[in-house]
Amino acid sequence: MASSARLVDPETAGLTALISLQPASVLRLLATLRYLAAALLATALVLMSVFGLTTGIAVWALPLLLLVFNQRLPRAVADDHDRRANRALVGHLVFDTSVLFAFFWAIGGATNPFVSLFLLPVAFAGAALDIRGALTVTGVCVAGYTALLWRYLSHLGHPMAVIGFERHVIGMWAMFVLAAALLLVFLMALAARVRASERELAAQRERLMRDDAVVSVATVAAGAAHALNTPLSTILIAAESLQDEPGLSPDVREDIATIHSQAEQAARELRALVAARDPRAQDTTTAAVFFDTLVARWRARRPEIELDLADWQAVTEQPVRNDPALAQALGNLLDNAADAALAAGHPHLALARHERGAHWVIYIDDPGHPDIERLQRAATASTKPGGLGLGLTLARASLARIGAELSFAASAAGGTRTCIVFNKNGLFPLEHD
């Protein structure tokens, strides 16, 4: 499998960053557009002066106000996931709307041909803000346009007013309100779809990184299994031959028996490794026996850890596959919790097993420091000093293969809780062909 880093094209990554709908990214885009708006506004005012159109002195301060606002723009909201970014974007859009309102109030009012620029803040709000922020910005834009319309209608008695033109201006206002509402709804729905796609792409990149590491390990394991099969068979045959030799001392026979038993154990592990590749080749047991046997074997392997099984509840006698890869994954999670307990100076784990409808839930509570964010993020790296960086990666992959979910949270006792939720369908035995 190709490395996941190769899946990201630099040009595509740059374009994605440019059109990102995250509030902080939109803030940076607004800052760039504000320079352009200041230049266009200054150009318009100069042209109006050249052609003899009078404007108030205060209008000339608007381009300067845009530039000063940009210069004082804080760089604190640089992270797309900063909680302040959403509130900051609302404030910036309200500021830009206020500048537009001041310009239109001074020049043309509701009859200004560019009054539909009020739709721009609505578009940005609908694309990047939550419902509350988007409605706030849209309300400010509609209120500004309505104030301009009210001002125009209040001057209809002026000798320069065009009789009948008020119907056109009122129609422009109604069209603006309708366009703002439709644009807001459409862009918020579109933005929700885009954000969902971004989250799915991020999850897919994480899965690709995990699968890349797992495939590398599987390749090495397959090669090791193939390379070890013949030497182990030779050792077993040689040990059996030596056992038939007469005149051997009891100590030598005991050593030969040990060699034979250890070689048989290694051969069984290799067969289990091969069986883990094909669920149809795995034998069948019950859920209670599978989990109980796993805990018993782990307990014998880590006697220094005290286990609290007070909440280890009984489950239905449902047949499941005796999946070696899954047993290894759970063993790795127990090892991680045990190492955290030892590091905390309290070699104690609490295990709980519950049955909830179509799921089995296992909790592993350890007294280690609850660094939940690091555990959730750890996909391809070891989470403990001296680790090989494979335990949690393989555990995640094995659990994902059967549709199980792995999560971490702070336990009620102040340590870390590892939660594994098994879907019963993922462990059902498969019929042989």
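Taking the stretch 229-250 as the search range and keeping residues that are of a type outside the set (A, V, I, L, M) and touching a residue at least 24 places away in the same chain (Cβ under 8 Å), which one is surrounded by the most Cβ atoms within 10 Å (Cβ to Cβ)? Full working, then the answer.
Quick first cut of the stretch 229-250, residues of a type outside the set (A, V, I, L, M) only: 229-231, 233-234, 240-241, 243-247, 249-250.
Filter once more, so that each one left must be touching a residue at least 24 places away in the same chain (Cβ under 8 Å): 229, 233.
Values: ASN229: 15, SER233: 12.
Applying the filter and picking the extreme gives ASN229.
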Qualifying residues in the stretch 395-413 (those that are among the hydrophobic types (A, V, I, L, M, F, W, C) and over 18 Å from ASP365 (Cβ atoms)) - the one farthest from the chain's Cα centre (by Cα)
ILE402
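Does the stretch 67-75 include one or more residues that are within 21 Å of the chain's Cα centre (by Cα) and either modelled with pLDDT of 55 or more or outside any helix (DSSP H, G or I) (or both)?
No: the stretch 67-75 contains no residue that is within 21 Å of the chain's Cα centre (by Cα) and either modelled with pLDDT of 55 or more or outside any helix (DSSP H, G or I) (or both).
Being modelled with pLDDT under 75 and assigned by TED's automatic domain parsing to the domain that holds PHE114 narrows it down to one residue among VAL137, VAL142, VAL162, VAL177; which is it?
VAL162
How many residues does the stretch 47-66 hold that are assigned to a helix (DSSP H, G or I) and either surrounded by 14 or more Cβ atoms within 10 Å (Cβ to Cβ) or among the polar types (S, T, N, Q) (or both)? Before you say what the answer is, go through the steps one by one.
Narrowing the stretch 47-66 to residues assigned to a helix (DSSP H, G or I): 47-50, 57-66.
Right, trim to either surrounded by 14 or more Cβ atoms within 10 Å (Cβ to Cβ) or among the polar types (S, T, N, Q) (or both) and you get 48-49, 59-60, 62-63, 65-66.
Counting residues in the stretch 47-66 that are assigned to a helix (DSSP H, G or I) and either surrounded by 14 or more Cβ atoms within 10 Å (Cβ to Cβ) or among the polar types (S, T, N, Q) (or both) gives 8.
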Do the conditions hold for VAL289, that is, is it touching an Asp or Glu at 6+ places or on another chain (Cβ under 9 Å) and assigned by TED's automatic domain parsing to the domain that holds THR416?
yes
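The values are calculated or read from the model by the stated rules, or taken from the named source; none is laboratory data. What you see is a predicted model, and the numbers here were worked out from it, not measured in a lab. Ideal geometry is used to build each Cβ from the backbone, glycine not excepted, and the neighbour counts take in all protein chains shown.
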